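The values are calculated or read from the model by the stated rules, or taken from the named source; none is laboratory data. The structure presented is a predicted model; accordingly, all values stated were derived computationally and were not measured. Positions of Cβ are generated from backbone atoms using ideal geometry, with glycine treated the same way; all protein chains shown enter the neighbour counts. With ligands, DNA and RNA removed, areas are computed over all heavy atoms of the protein, side chains included. Shrake-Rupley method; radii C 1.70, N 1.55, O 1.52, S 1.80 Å.
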Amino acid sequence: MSCCILLVDDEPLILMDLEFAAEDAGCDYRSARGVDQALDQCAEHDISVAVLDVNLGAGTNCVPIAKALDDKGIPYLLHSGDLDRQDETVRSLDAELIPKPAAADQVIQRAIALAI
């Protein structure tokens, strides 16, 4: 199965762990550290599934990315330690939550399962 995972996290080390896990699982990936970069990746690449950090720093969150993915019918999961601090808009996203900390390989395997 050819899978391209969009990985969005503002923490470089977490993003790197997810990238390595995606690579180890045989998946292509596209990475983004913020909303604009993630939206560009969605527009430019054939994304199969996404892993979204909820809080992307500087007062931004993943909602615009989630809405773009919903519009394209692309599944995603939330990978966050901040859900309790987010507003109801984020809570209303129809997505599985994998709380941080979580093993990167488990996050990627769950994302692959969503893409199938």
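Rolling a 1.4 Å probe over the protein heavy atoms leaves His45 with an accessible area of roughly 60 Å². Considering only beta bridges that DSSP places wholly inside the chain, some 5 percent are antiparallel. Cys residues of the chain that find no other Cys beta carbon under 4.7 Å: Cys4, Cys42, Cys62.
The amide H of Leu56, built 1.01 Å from its N in the peptide plane, has Asn61, Cys62 as neighbours under 5 Å, considering only residues 5 or more places off or on other chains.
Express the accessible area of the chain per residue in Å², computed with a 1.4 Å probe while the remaining protein chains stay in the model.
On the way: 6020 Å² over 116 residues.
Heavy-atom accessible area per residue stands at 52 Å².
Entry note, the chain: the mean residue ellipticity at 222 nm calculated from DSSP H runs of n ≥ 4, each adding -39500 (n - 2.57), is -12500 deg cm²/dmol after division by the residues and rounding to the nearest 500.
Arg33 exposes around 120 Å² of accessible area when a 1.4 Å probe is run over every protein chain in place. The portion of the accessible surface of the chain made up by carbon and sulfur, rounded to a whole percent, is 47 (1.4 Å probe; DNA, RNA and ligands excluded). Treating r as the C-beta distance of Arg91 and Thr60 and R0 as 25 Å, the FRET efficiency rounds to 0.90.
For Ser48, the solvent-accessible surface with a 1.4 Å probe is about 40 Å², rounded to the nearest 10. Between Asp28 and His45, the contour length at 0.36 nm per residue exceeds the alpha carbon distance by 5.1 nm.
The base-10 log of I(q)/I(0) for the chain, evaluated at q = 0.19, 0.21 Å⁻¹, reads -0.92, -1.16 [Debye formula, identical scatterers on Cα atoms, solvent excluded].
Between Ser2 and Ala113, what length comes free when the chain is fully extended (0.36 nm per residue of separation minus the Cα-Cα distance, one decimal in nm)?
Details: separation 111, 0.36 × 111 = 39.96 nm, distance 1.25 nm.
Working it through step by step, the gained length comes to 38.7 nm.
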